[in-house]
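The next block holds one structure in the form of structure tokens; read it before the comments.
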Amino acid sequence: MPAMLTYPDFDPVALSLGPLKIHWYGITYLVGFLGSYALLRLRIKKPDSGWNKDQLADLLFYVALGVVVGGRIGYMLFYDLPTFIHRPWSLFEVWDGGMSFHGGLLGVLAAIWLFARRYHKRYFDVVDFTAVVVPIGLGAGRIGNFINGELWGKITTLPWGMRLQCSEWRFSYYCDGATSGLSQPRQPSQLYEFLLEGVVLFAVLWIYSMKPRPRMAVAGLFGLLYGCF
């Protein structure tokens, strides 16, 4: 039975206040950062955590900067180099979407290195501490991808496949160049990734890290499961 769901074509702008526009994509990143901070606050309440609130707040700043700068640069270099060459200022147009996990990961690793050096902490102790909540940001980001209508999967006949409304300025890639009508149904891969690398990965890492583990074990499990998912 062919899929009949139609993508609701969300407005990527959540709220407009005059010239100021607040995008859903930015809100999902904010949710990821604040959710991660709240959960790590629970972790540092343990007497032997080795962390305090000021260090955690600084870590959040470093990681947020690494995600945004690294993710955006990575996306422009890996996936949209022609636009970056002709319009280099597009690097700062983060509200339009376009963040690379690979670039974001490199940015976060660099930011953690700077943080660990400043606070005289072991690098992989900080990586293990941070890796537990990374799936929150990943899951929130995938919801942002879905709202933005990007990163669709292959054509499918599954009943939850989604048809996209073709237009001249949107979804033309997925519509084989058509500028009207509906596309063939496609896999909502963003939602799959939200479930796996967001919900499932977080649950596994949170439970696994509740007991003391060898250094790099949590980060290694994150890398293994993320790659599988």
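Please verify whether the stretch 4-26 includes one or more residues that are in a loop (DSSP other than H, G, I, E, B), aliphatic (A, V, I, L, M), over 24 Å from T130 (Cβ atoms) and open to solvent by 90 Å² or more (accessible area, probe 1.4 Å).
Residues of the stretch 4-26 that are in a loop (DSSP other than H, G, I, E, B), as a first pass: 4, 7-12, 18-19.
Subset that is aliphatic (A, V, I, L, M): 4.
Going one step further and asking which of them are over 24 Å from T130 (Cβ atoms), we end up with 4.
When the remaining residues are screened for being open to solvent by 90 Å² or more (accessible area, probe 1.4 Å), the result is 4.
Within the stretch 4-26, one or more residues are in a loop (DSSP other than H, G, I, E, B), aliphatic (A, V, I, L, M), over 24 Å from T130 (Cβ atoms) and open to solvent by 90 Å² or more (accessible area, probe 1.4 Å).
Scan the stretch 173-192 and give yes if some residue there is closer than 30 Å to L56 by Cβ and under 14 Å from the mean Cα position of the chain (by Cα), otherwise no. Spell out how you get there, then give the answer.
Filtering the stretch 173-192 for residues closer than 30 Å to L56 by Cβ gives 190.
Those still in the list that are under 14 Å from the mean Cα position of the chain (by Cα) too: 190.
Yes - at least one qualifying residue is present in the stretch 173-192.
Conditions (1) open to solvent by 30 Å² or more (accessible area, probe 1.4 Å); (2) in contact with a helix residue (DSSP H, G or I) (Cβ under 6 Å, 6 or more places away or on another chain); (3) part of a helix (DSSP H, G or I); (4) over 18 Å from V126 (Cα atoms), marked per residue:
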position: Y37; (1), (2), (3), (4): yes, yes, yes, no
position: L42; (1), (2), (3), (4): yes, no, yes, no
position: P47; (1), (2), (3), (4): yes, no, no, no
position: A64; (1), (2), (3), (4): no, yes, yes, no
position: G71; (1), (2), (3), (4): no, yes, yes, yes
position: I85; (1), (2), (3), (4): yes, no, yes, yes
position: S90; (1), (2), (3), (4): no, yes, yes, yes
position: G98; (1), (2), (3), (4): no, yes, no, yes
position: L105; (1), (2), (3), (4): yes, no, yes, no
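So, in the stretch 126-155, of the ones that are at pLDDT 90 or above and surrounded by fewer than 17 Cβ atoms within 10 Å (Cβ to Cβ), which residue ends up farthest from the chain's Cα centre (by Cα)?
Among residues in the stretch 126-155 that are at pLDDT 90 or above and surrounded by fewer than 17 Cβ atoms within 10 Å (Cβ to Cβ), the one farthest from the chain's Cα centre (by Cα) is I155.
Pairs please, first residue from the stretch 119-144 and under 15 Å from M99 (Cβ atoms), second anywhere and of a type outside the set (A, V, I, L, M, F, W, C) and open to solvent by 30 Å² or more (accessible area, probe 1.4 Å), Cβ atoms under 6 Å, 6+ apart in sequence or on different chains.
R142/E193
Out of the residues in the stretch 126-167 that are basic (K, R) and outside any strand (DSSP E or B), which is farthest from D11 (Cα to Cα)? Explain how you work it out, then say what you get.
Looking only at the stretch 126-167, we keep the residues that are basic (K, R), and these are 142, 154, 163.
With the extra rule that they be outside any strand (DSSP E or B), the set shrinks to 142, 154.
Numbers: R142: 16, K154: 23 Å.
Looking at the filtered set, the residue picked out is K154.
The values are calculated or read from the model by the stated rules, or taken from the named source; none is laboratory data. A quick note: this is a predicted structure, and the numbers were derived from the prediction, not measured. Heads up, the Cβs are rebuilt from the backbone with ideal geometry, glycines too, and the neighbour counts pull from every protein chain shown. Quick note on the areas: whole protein, heavy atoms, side chains included, nothing else; ligands and nucleic acids left out. Shrake-Rupley method; radii C 1.70, N 1.55, O 1.52, S 1.80 Å.
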